[in-house]
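The values are calculated or read from the model by the stated rules, or taken from the named source; none is laboratory data. Note that the structure is a prediction, hence the values are computed from the model and not measured. Glycine gets a Cβ as well: all are built from the backbone with ideal geometry, and neighbour counts include every protein chain shown.
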Amino acid sequence: MLSFVVGTGRCGSTLVHEVLARHPDVGFVSNLDDRYARLPASIRRRSGVIYRRTPPWLNAKGRPRFAPSEGYRALAREVGPALVDPERDPRGEDVTPWLAGRLRAFFDDRAAAEGSPHYLHKFTGWPRTGLLREVFPAAKVVHIVRDGRAVANSFLQMPWWRGHLGPSGWHFGPLPAEYARDWEDSGRSQVLLAGLAWKLLLDAYERARTDDWLEIRYEDVLDDPRKHFGIMLDFLGLPWTPAFERGFRRHTFTGSRAEAYRRDLTAAQLTLLTGALRTHLEAWGYPV
């Protein structure tokens, strides 16, 4: 079974992916597999065991670590650029027989090598699920949603963010006409453009939504992690085992950064952002 965790980026999907990867039946692409084209087969085969046995401080962000990865370098090497940095959401009609074969080999070979009955991969940015479901029609999707103001604030602080170049140079292609007008009317606000990226991506997720699709808000995960990871495991067909319980307890769930945008943005910027995102925020149950 192959499943995907997806989200806009800066949405909490990394935490979700890393906790789910603690399950003994789950395989994944590791950051070493992503980085090294000639990773020894013994390490690839034991990625799950290594991850689940290493002390928590060796898995922490901000230091050299061993952890699940989105695997974009490995995907670029072994599949091609279609999934790595597309200017629009890849769709089913983009799949060629050549691409389908390479994509199946990428995941099937790794799942077989690791011996995992359930392989879980994460993508952020565009959903990509139209293309993925064309190749893997039985795949399940867990979509992680986060307050767009928090996502926009985090986008602005990332070294990979290219929004400062405007829509002609960023990650997501041209803005829809309505969003382009909002951006121009704001005086081409960088803060607003980051929020419009969240709207643009969520629009794509709405269009991509199909059967076997679970939507979870990141804030709800932080509020009651045991409940919501139980929901995700049930959706994926995975039991809450004693081994997963031990892995689950390794993680700390804190909302300390949940509303950092209120500190990091000025009152005027927050007002502009909330006004532009209002309909989307309300649709996902966020207070405005």
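Among the residues of this structure, residue 60 counts as one that is assigned by TED's automatic domain parsing to the domain that holds residue 1, of a type in the set (A, V, I, L, M), within 27 Å of residue 251 (Cα to Cα) and in a loop (DSSP other than H, G, I, E, B). If you filter the stretch 4-26 down to residues that are in contact with a His (Cβ under 7 Å, 6 or more places away or on another chain) and either in a strand (DSSP E or B) or among the basic types (Lys, Arg) (or both), you find that the one that is surrounded by the fewest Cβ atoms within 10 Å (Cβ to Cβ) is 4.
For beta carbons closer than 8 Å, sequence separation of 6+ or different chains, a first residue in the stretch 166-191 that is within 18 Å of residue 89 (Cα to Cα) and without any contact (Cβ under 8 Å) to a residue 40 or more places away in the chain and a second that is basic (Lys, Arg) and surrounded by fewer than 18 Cβ atoms within 10 Å (Cβ to Cβ), the qualifying pairs are 169/162; 170/162.
Return the only residue of 150, 208, 204 being in contact with a Ser or Thr (Cβ under 8 Å, 6 or more places away or on another chain), touching a residue at least 24 places away in the same chain (Cβ under 8 Å) and under 28 Å from residue 130 (Cα atoms). Just a single option satisfies the conditions, and that option is 208. For residue 113, the conditions (1) among the small types (Gly, Ala, Ser); (2) assigned to a helix (DSSP H, G or I); (3) touching a residue at least 60 places away in the same chain (Cβ under 8 Å); (4) under 16 Å from residue 3 (Cα atoms) all hold with the exception of (4). Residue under question is residue 66, and the condition is that it be touching a residue at least 12 places away in the same chain (Cβ under 8 Å), in contact with a strand residue (DSSP E or B) (Cβ under 8 Å, 6 or more places away or on another chain) and surrounded by fewer than 17 Cβ atoms within 10 Å (Cβ to Cβ); does it hold? Considered against the rule, which asks whether it is touching a residue at least 12 places away in the same chain (Cβ under 8 Å), in contact with a strand residue (DSSP E or B) (Cβ under 8 Å, 6 or more places away or on another chain) and surrounded by fewer than 17 Cβ atoms within 10 Å (Cβ to Cβ), residue 66 comes out as yes. The sole residue among 186, 168 that is modelled with pLDDT of 95 or more and among the polar types (S, T, N, Q) is 186.
Condition (residue is outside any helix (DSSP H, G or I), in contact with a strand residue (DSSP E or B) (Cβ under 9 Å, 6 or more places away or on another chain) and in contact (Cβ under 8 Å) with a residue 60 or more places away in the chain) applied to the stretch 230-238: is it met by at least one residue? Yes: one or more hits.
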